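Written out below as structure tokens is the structure these notes cover.
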């Protein structure tokens, strides 16, 4: 038996083995609300401490040779998306004077920054800036602190821009994606279930705010996500006319869909899909924690999709954030046991400076990871 096969079989032989060593005797229970509150304070302190003078975080340029294949514009787009997420984390947290200053500066930067643009014929990662820019702006627009004339106009103008660019890049089947294939076209032809699901609820809000001229944008996006759902509860990575599971470590197996199941269920439920029942949400959450090791083992691996079932490191905190939102869809009496598991899984990965990271370590990834983790911990508070 090869070394790879031996490692594989040893993993299967211990399905409930923890991914990381348990805390030493007498250590804080990482699943408690108190532990989560302390972790949130540390992560928010990180954002306040590391914010740039102009209100942004990190850098907007390439910081890793692993990412040099992407267009120069793409690194800026990723930073804009991460900024939107960090702003949402400050919005969701309990306000302090320092956090409010950081929040105002962050919102101002988001309103004033240059819009992201498609970087090349195949690389349309600008979608991430438009996507989380739309989500952030719709969130800001609902916050009572930003209803004055000072904020309402700039937030609304920027929200229309983000949502408009996103809608004009909706592929013909209704999804949103970040690459394109030959022949290259102005409107891309490829989408993914998870990037589409992440913005479905925000598209509904944008339509109600009058930011979207085509009110069917959300409906078509939700339809795309719905068609990606498989009978086993997984969501296809992207929509295939004839869904297939080819055996082995397929990306569309439940174990390869751990970062997509929660966002898909949450998005469709938020869009009013009555087919996503409590039982389906519950099953998805059980799958997430039962098979969590396949997501955890991918964290910080430098090559996308190199882990079992083609999991990628950057799905770790993304998946945990939407897991936190999915938990809150269940009846109140069922939530706390899932919350405790989520808190423990997140807190065991927090770094000494209060940040989180799941891929490469570029500043945009640190900001996005820290924001996702913070928002996940705040979801049940």
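No value in this document is a laboratory result; all are computed from the given coordinates. Since we're looking at a predicted model, the values are computed, not measured. So basically every Cβ, Gly included, is an ideal-geometry build from the backbone, and we count neighbours across all protein chains shown.
Annotations for the structure displayed:
- Here the translational diffusion coefficient of the range 213-257 follows from Stokes-Einstein with Rh set to the Kirkwood radius across Cα pairs; for 4 °C and 1.567 mPa s it amounts to 113 µm²/s.
- Förster-model FRET efficiency, 45 Å R0, residue 108 and residue 219, C-beta, rounded to 0.05: 0.85
- Full extension of the chain between residue 290 and residue 115 yields a length gain of 58.9 nm, computed as 0.36 nm times the residue separation minus the alpha carbon distance.
- Efficiency of FRET from Cβ geometry, residue 179 and residue 64, R₀ 22 Å, rounded to 0.05: 0.70
- Look at [x] -1.11, -1.26; [y] -0.91, -1.09; [z] -1.00, -1.16: the one that is log10 I(q)/I(0) by the Debye sum over Cα atoms at q = 0.12, 0.13 Å⁻¹ derived from this structure is [y].
- Debye intensity ratio in log₁₀ form over the Cα atoms of the range 117-248, taken at each q of 0.13, 0.14, 0.15 Å⁻¹: -0.56, -0.63, -0.71
- Pairwise label distance in nanometres, residue 246 with residue 208, each label 7 Å out on the Cα-Cβ vector: 4.3 nm
- Computed across the range 238-381, the Kirkwood radius stands at 15.6 Å (inverse of mean 1/r, all Cα pairs).
- Peptides ranked, highest mean first, by Cβ atoms within 10 Å: ranges 342-353, 46-57, 216-227: 216-227, 342-353, 46-57
- Placing pseudo-labels 7 Å out from each Cα toward the beta carbon at residue 279 and residue 96 gives an inter-label distance of 4.6 nm.
- Cα→Cβ-extended label distance, 7 Å offset, between residue 306 and residue 189, nm: 3.2 nm
- Protection proxy ranking, highest mean first, for peptides 29-40, 278-289, 194-205, 90-101: 194-205, 278-289, 29-40, 90-101, where packing is the per-residue count of other beta-carbon atoms within 10 Å, averaged.
- Scaled against the 2.2 N^0.38 Å expected of a compact globular protein of N residues, the Cα radius of gyration of the range 244-283 reads 1.32.
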